[in-house]
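The values are calculated or read from the model by the stated rules, or taken from the named source; none is laboratory data. Quick caveat, the model's predicted, so the values are computed rather than measured. We place every Cβ from the backbone using ideal geometry, glycine too, and count neighbours over all the protein chains shown. Areas reflect the complete protein model, heavy atoms only, side chains present, ligands, DNA and RNA absent. Shrake-Rupley method; radii C 1.70, N 1.55, O 1.52, S 1.80 Å.
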Amino acid sequence: MIISILYYLLTGYIALLIIWNLVKSKKWQEEILYIIILMPFLLRLFRLK
């Protein structure tokens, strides 16, 4: 139970960092890359694997 909570907290934290980098990015190529990287984290966070 505790490991699951820590796992989701870590996944959420990494997703927030990626979103922060997405917002700060100025190049559209980097934005697309961040969106592609963000997808697996969001799917795991919403438990959709």
Exercise. Filter the stretch 5-27 for residues that are under 8 Å from the mean Cα position of the chain (by Cα) and either open to solvent by 70 Å² or more (accessible area, probe 1.4 Å) or aromatic (Phe, Trp, Tyr) (or both) and give the result.
Key: Tyr13, Leu16, Leu17
Exercise. Report, by residue number, each residue of the stretch 5-27 that is among the small types (Gly, Ala, Ser), free of Cβ contacts under 8 Å to residues at least 24 places away in the same chain and assigned to a helix (DSSP H, G or I).
Key: none
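For every residue, the table says whether it meets (1) over 10 Å from the mean Cα position of the chain (by Cα); (2) touching a residue at least 12 places away in the same chain (Cβ under 8 Å); (3) open to solvent by 60 Å² or more (accessible area, probe 1.4 Å).
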residue: Ile3; (1), (2), (3): yes, no, yes
residue: Gln29; (1), (2), (3): yes, no, yes
residue: Ile35; (1), (2), (3): no, yes, yes
residue: Met39; (1), (2), (3): no, no, yes
